[in-house]
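Participant: Before we start, here is the structure in question, set down as structure tokens.
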Amino acid sequence: MSWVDLVDSTEGVRAIYGYHAPRLGGAWVDEIYLKYGRNSVDLRFDITDLPATMPKKWAQRGADTVHLHITFSDVESLVIRGQSSRKVIDLGIDPLEGRILVTARSDHFELDMRAERALLQRITAHRGGPFNRKKPLRNR
């Protein structure tokens, strides 16, 4: 089972990537946002896995990075250990006992979360993402 099978509203991901769900390993986290009153957590991150064919509007803008925003709701447990200036993590979204298990790992950071549901809020693309910052703009 792929992470897109666990997250609601992934039609856009499926339309862009087809049957190949993008990998979440090596994601670049922009934000982990806790919504205490709503018992939810938002994750916003860039991924390294680009679609085989970029959507026309993304290609016209010269996009080279895909960005995902997922909200995890009815969070049952959340553990965050450590802190790291390194924002690249290995992210996992997996099934566990009828829930969704979210794990994130880097050298000095760990996140473990169990949630009832997950919803893809947005899939977007932009130019000059963290994986491509060292490349000169003229070569893109």
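The values are calculated or read from the model by the stated rules, or taken from the named source; none is laboratory data. Because the structure is predicted, anything quoted here is derived from the model rather than measured. We place every Cβ from the backbone using ideal geometry, glycine too, and count neighbours over all the protein chains shown. Ligands, DNA and RNA are stripped out before the accessible areas are found, and what is left, the full protein with its side chains, is counted by its heavy atoms. Shrake-Rupley method; radii C 1.70, N 1.55, O 1.52, S 1.80 Å.
Participant: Which residue pairs have Cβ atoms closer than 6 Å, lie 6 or more positions apart in sequence or on different chains, and pair a first residue in the range 13-41 that is within 14 Å of LEU120 (Cα to Cα) with a second residue that is open to solvent by less than 20 Å² (accessible area, probe 1.4 Å) and among the polar types (S, T, N, Q)?
Facilitator: Matching pairs, first to second residue: SER40/THR71.
Participant: Does the range 87-100 contain any residue that is among the charged types (D, E, K, R) and either in contact with a helix residue (DSSP H, G or I) (Cβ under 6 Å, 6 or more places away or on another chain) or surrounded by 18 or more Cβ atoms within 10 Å (Cβ to Cβ) (or both)?
Facilitator: Kept after step one, since they are among the charged types (D, E, K, R), are these residues of the range 87-100: 87, 90, 94, 97, 99.
So of that shortlist, the ones also either in contact with a helix residue (DSSP H, G or I) (Cβ under 6 Å, 6 or more places away or on another chain) or surrounded by 18 or more Cβ atoms within 10 Å (Cβ to Cβ) (or both) come out as 99.
So far as the range 87-100 goes, yes, one or more of its residues are among the charged types (D, E, K, R) and either in contact with a helix residue (DSSP H, G or I) (Cβ under 6 Å, 6 or more places away or on another chain) or surrounded by 18 or more Cβ atoms within 10 Å (Cβ to Cβ) (or both).
Participant: Please work out if ASP107 is over 25 Å from ALA125 (Cβ atoms), within 14 Å of the chain's Cα centre (by Cα), open to solvent by 30 Å² or more (accessible area, probe 1.4 Å) and touching a residue at least 12 places away in the same chain (Cβ under 8 Å).
Facilitator: no
Participant: Could you check, for the range 32-48, whether at least one of its residues is open to solvent by 50 Å² or more (accessible area, probe 1.4 Å), under 21 Å from GLY128 (Cβ atoms) and polar (S, T, N, Q)?
Facilitator: Yes, the range 32-48 contains a residue that is open to solvent by 50 Å² or more (accessible area, probe 1.4 Å), under 21 Å from GLY128 (Cβ atoms) and polar (S, T, N, Q).
Participant: Pick out the one residue from ARG81, ARG61 that is open to solvent by 20 Å² or more (accessible area, probe 1.4 Å) and in contact (Cβ under 8 Å) with a residue 60 or more places away in the chain.
Facilitator: None of the other options fit; the residue is ARG61.
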